Amino acid sequence: MKFIIRLNMAAALYALFPFAGIELMVNVYRIGRLTGWDLDRVNALTLVFCAAGFILSGWGIPRLVRHWLNGRKTSFFALLLWIPYFMMLIYITAAWFPITNPADKPDPVTGLIAIAGLALYPFYLAILHLFGIAPFSGDPGENPVA
């Protein structure tokens, strides 16, 4: 039972990375209007945040799989479980913070970028999971052959 709770919590964490990036991309005009920043500054900060999330997840997900999910192969279920959490986050955000100003609507190409990112994200997660469960991913003093 403890593993199932950890698996769902890991899946919820996996949903946070694309959710944050997509919400920042979609709400560029709203962020610029509310903060008073120009769009170049908001886009640059969004790019920095997405790059930092990419690097942080590349370092943290294998460690999470290795230590928190015990490197089990059943942790691959999180590669599917993140999708409902992602959809729930998007729905809650859209319901709580609707676009009331027509100038805040995102560009149409933003949806294409989001679709491409979401199509590649499961493969990225799968590669990071492989690093988390691989036999060479244990302690440095551990012998993977024996």
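Values in this text are rule-based calculations from the coordinates and carry no lab data. Remember, it's a predicted structure, so these values are computed and weren't measured experimentally. Note that each Cβ is placed from the backbone with ideal geometry, even for glycine, and that neighbours are counted across all protein chains shown.
Calculate the FRET efficiency for Met9 and Leu39 from the Cβ-Cβ distance with a Förster distance of 35 Å, rounded to the nearest 0.05.
Computed FRET efficiency for Met9 and Leu39: 0.45.
Which FRET efficiency value, to the nearest 0.05, is calculated for Thr93 and Leu130 with the Förster distance at 41 angstrom and r the Cβ-Cβ distance?
FRET efficiency, Thr93 to Leu130: 0.85.
State the three equivalent ellipsoid semi-axes of the chain, derived from the C-alpha gyration tensor as the square roots of 5 times its eigenvalues, in descending order and whole Å.
Whole-Å semi-axes of the equivalent ellipsoid: 35, 17, 12.
Above 21 angstrom, tally the Cα pairs of the stretch 1-70 and express them as a % of all pairs, no decimals.
Distances greater than 21 Å cover 40 percent of the Cα pairs.
Ranked highest first by average number of other Cβ atoms within 10 Å, how do 98-110, 60-72 line up?
Descending mean neighbour count gives 60-72, 98-110.
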